[in-house]
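Novice: My questions will all concern the structure given below.
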Amino acid sequence: MKGELLYEGKAKQVFKVSGNDSQLILSYKNDATAFNGIKKASFTGKGKYNNLISSKVFDFLHARGVKSHFERSLNETEQLVKRTKIVPVEVVVRNIAAGSITRRLGIPEKVEFAPPLVELYFKDDGLGDPIINDEHARLLTDLSEQELADVKTTALVINQHLSEFFSEVNLTLVDFKLEFGRNLNGEIILSDEVSPDTCRLWDKDTGEKMDKDVFREDLGDLLKVYEAILNRLEAVK
Ligand code: UDP
């Protein structure tokens with residue numbers, strides 16, 4: 001069933017499905033990178049946790065009516081997804097200040113944003129994923145004005161759903177990154193992954209960081225934290 005390797009990124013491999021051009025297999029790797037690939041490490045088991053957590057998130061979003069590329073989890077580290085052509089824009093939603101916005105704009109960590117902020121970044125490793133505005137996004141992608149507006153609105157809707165989803169397991173959704181892709185019917189749908197690699201999650205009681213910042217900031221055992229998130233989600237849902 002698994003066909004040739006099409007693409008290998010920092011956190012996932014993408015495989016063809018033999019005899020099937022409308023689906024792909026995503027294989028989650030154990031590698032972790034931060035600061036545009038400068039900091040690297042591998043954690044046995046990380047791929048499994050991200051696959052299982054991301055699968056739960058996509059199932060939840062599907063139940064809430066959000067269309068995505070996700071079909072189903074195939075095994076511990078792999079997912080079957082609809083084939084999309086990824087739009088080279090990373091959409092970040094921020095509820096609370098953390099990470100790059102604290103450095104770029106001097107906003108102290110923990111400052112709350114109401115309404116949440118939506119930011120666009122050009123997905124280009126060579127350029128270090130620079131922040132861009134809507135006009136740049138139109139120039140650099142094939143998104144129409146309406147499609148770009150819809151992507152930003154959908155990101156905010158997803159923020160509401162995911163804030164509730166994580167709140168149920170006592171986690172605050174601080175910020176997260178989404179990627180969208182164009183499917184074979186020409187529609188723009190949510191793609192890529194939603195995991196502790198791509199979200200900031202803080203424990204509601206202790207404020208403990210329970211996401212990739214544990215790796216970025218050397219705060220402790222990344223695997224234990226990812227396992228704890230999966231355990232919390234499995235206990236509830
Ligand atoms: N993020 C991501 N991939 C990227 C850049 C950011 O998944 O290439 C996520 C990151 O985990 C965080 C949010 O997007 O949840 C905002 O990231 P930020 O701009 O603060 O960058 P960072 O400081 O994490 O590099």
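Please treat every number below as a calculation from the coordinates, not as lab data. Because the structure is a prediction, the values reported are computed rather than measured. Every residue, glycine among them, receives a Cβ derived from its backbone with ideal geometry; neighbour counts consider all protein chains shown.
Novice: Determine the sum of side-chain charges near Asn185: Lys and Arg each +1, Asp and Glu each -1, restricted to other residues whose C-beta is under 14 angstrom from that of Asn185.
Specialist: Values: positive: Lys67, Lys82, Arg83, Lys85, Arg182; negative: Asp21, Glu147, Glu187.
It works out to a net charge of +2.
Novice: Sticking with this one: Rounded to the nearest 500, what is the chain's calculated 222 nm mean residue ellipticity when only DSSP H runs of at least 4 contribute -39500 (n - 2.57) each, over all residues? Write out the running numbers ahead of the final one.
Specialist: Working: 6 runs with 73 residues, N = 237.
Counting only the DSSP helices, I get -9500 deg cm²/dmol.
Novice: Further question on the same structure: How many angstrom lie between the C-alpha centres of the range 39-74 and the range 88-120?
Specialist: Here the two parts' Cα centres lie 23 Å apart.
Novice: Between Thr102 and Leu5, what is 0.36 nm times their sequence separation minus the Cα-Cα distance? Round to one decimal in nm.
Specialist: On the way: separation 97, 0.36 × 97 = 34.92 nm, distance 3.79 nm.
The Thr102-Leu5 span can extend by a further 31.1 nm.
Novice: Still on this structure, please answer the following. State to the nearest 20 debye the size of the charge dipole of the range 6-73 about its Cα centre, where the only charges are +1 on K and R beta carbons and -1 on D and E beta carbons. Don't jump to the answer; show the numbers that get you there.
Specialist: Details: 12 positive and 5 negative charges, 53 e Å.
Using only the charged Cβ atoms, the result is roughly 260 debye.
Novice: For the chain, with only Lys/Arg (+1) and Asp/Glu (-1) charged at the beta-carbon, what is the dipole magnitude about the Cα centre, in debye rounded to 20?
Specialist: Values: 33 positive and 39 negative charges, 69 e Å.
Dipole about the Cα centre, nearest 20: 340 debye.
Novice: Which of rounded, prolate, oblate describes the range 1-69, given a ≥ b ≥ c as roots of the alpha-carbon gyration tensor eigenvalues and a/c under 1.5 marking rounded, otherwise prolate only if a/b is larger than b/c? Could the numbers behind the result be given before it?
Specialist: Working: a/c = 2.12, a/b = 1.21, b/c = 1.75.
Judged from the Cα gyration tensor, the range 1-69 comes out oblate (a/c at least 1.5, b/c at or above a/b).
Novice: In what order do Ile132, Ile38 fall by count of nearby beta-carbon atoms within 10 Å, going from fewest to most?
Specialist: On the way: Ile132 18, Ile38 7.
In order of increasing Cβ crowding within 10 Å: Ile38, Ile132.
Novice: Among the listed pairs Lys12/Lys48; Lys39/Lys152; Lys67/Lys204; Lys46/Lys67; Lys12/Lys204; Lys40/Lys152, which have their C-alpha atoms separated by more than 22 angstrom in this model? Show your work: numbers first, answer last.
Specialist: On the way: Lys12/Lys48 11 Å; Lys39/Lys152 30 Å; Lys67/Lys204 29 Å; Lys46/Lys67 26 Å; Lys12/Lys204 30 Å; Lys40/Lys152 31 Å.
Listed pairs above 22 Å: Lys39/Lys152; Lys67/Lys204; Lys46/Lys67; Lys12/Lys204; Lys40/Lys152.
Novice: Provide the per-residue ³J(HN,Hα) series for the range 10-26, in order, calculated from phi with Karplus coefficients 6.51, -1.76, 1.60 and θ = phi - 60°, each as a whole number of Hz, with x at glycine and proline positions.
Specialist: 6, 10, 9, 10, 10, 10, 6, 9, 4, x, 9, 8, 9, 10, 9, 10, 9
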